[in-house]
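Remarks on the structure that follows.
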Amino acid sequence: MRRRQALALVTGSLSLVAGCSSDTTTDLTPTPSKTGTEMTPESQIRELPMTTPPDPIDCDDDPRPVSRAAGDSYSDRANGFELTASKGVVTIGERITFTLTNIGDNPRGIGEKYKYNILRQHDGWEPIYFTESQAGWTDLGVRVYPGGGFRWTFTATNDGLERQNGYNPAYHVCSALEPGEYRFAFFGLGGSTISTTFMITDA
């Protein structure tokens, strides 16, 4: 009897370790969730891959604008996070990086790194991104530890701003990139949106 009990305890311990290991890779194979948010560990700055969509979009065939984060203004800090840009002014053809960081003392749950948008100020904030179908995002949460977060790097050109977003809709740019004021925003903070502004100038 004692031998069987010992084996059962060892088996249970191994199952628990395996479960913890799988939790750390959940965000690599995200699946949509309609009933709640699944939390996965996130202890470092993770980057959105600089992968462009494999196929172009037909911009004359009624593409869908990504209209999130089009309000008048948002703070660059919210819910214990800060959003920063690597530079305030970027010349067309140069690179710019945006970083979302947990500046608090405790882990916090947020949405995936795919919940971002870039908009241009032109009589209001207008999105530069379009998708082939109605945009939707996987409902997978990420637990971000203090000092951790996300990073997005782009080149200030039409192609350099387009992105393949994992299981989410690909982002395409349909209009020529023009000098002006732009906003990078992240809308994965529950009911809050965080943003930072920057300028694009001619080469």
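A few points about this structure:
- Answer residue from region 124-175, given it is among the acidic types (Asp, Glu) and in contact with a strand residue (DSSP E or B) (Cβ under 6 Å, 6 or more places away or on another chain) and is farthest from residue 111 (Cα to Cα) among those: 126
- Residue count for region 141-172, restricted to those that are closer than 23 Å to residue 84 by Cβ, surrounded by 19 or more Cβ atoms within 10 Å (Cβ to Cβ) and of a type in the set (Gly, Ala, Ser): 5.
- In region 158-203, the residues that are hydrophobic (A, V, I, L, M, F, W, C), under 14 Å from the mean Cα position of the chain (by Cα) and assigned to a loop (DSSP other than H, G, I, E, B): 170
- For the residues 150, 130, the requirement of being part of a strand (DSSP E or B) and touching a His at 6+ places or on another chain (Cβ under 9 Å) singles out 130.
- Hey, residue 41 at pLDDT below 85 and either within 16 Å of the chain's Cα centre (by Cα) or under 29 Å from residue 181 (Cβ atoms) (or both) or not: yes
- Taking strands (runs of 3 or more DSSP E) as the structural unit, those lying wholly within region 46-108 and holding at least 2 residues that are more than 15 Å from residue 198 (Cα to Cα) and in contact with a strand residue (DSSP E or B) (Cβ under 9 Å, 6 or more places away or on another chain) correspond to 81-85, 95-102.
The values are calculated or read from the model by the stated rules, or taken from the named source; none is laboratory data. Since the model is a prediction, treat every value here as computed from it, not as a measurement. Backbone-built Cβ (ideal geometry, glycine too); neighbour counts: all protein chains shown.
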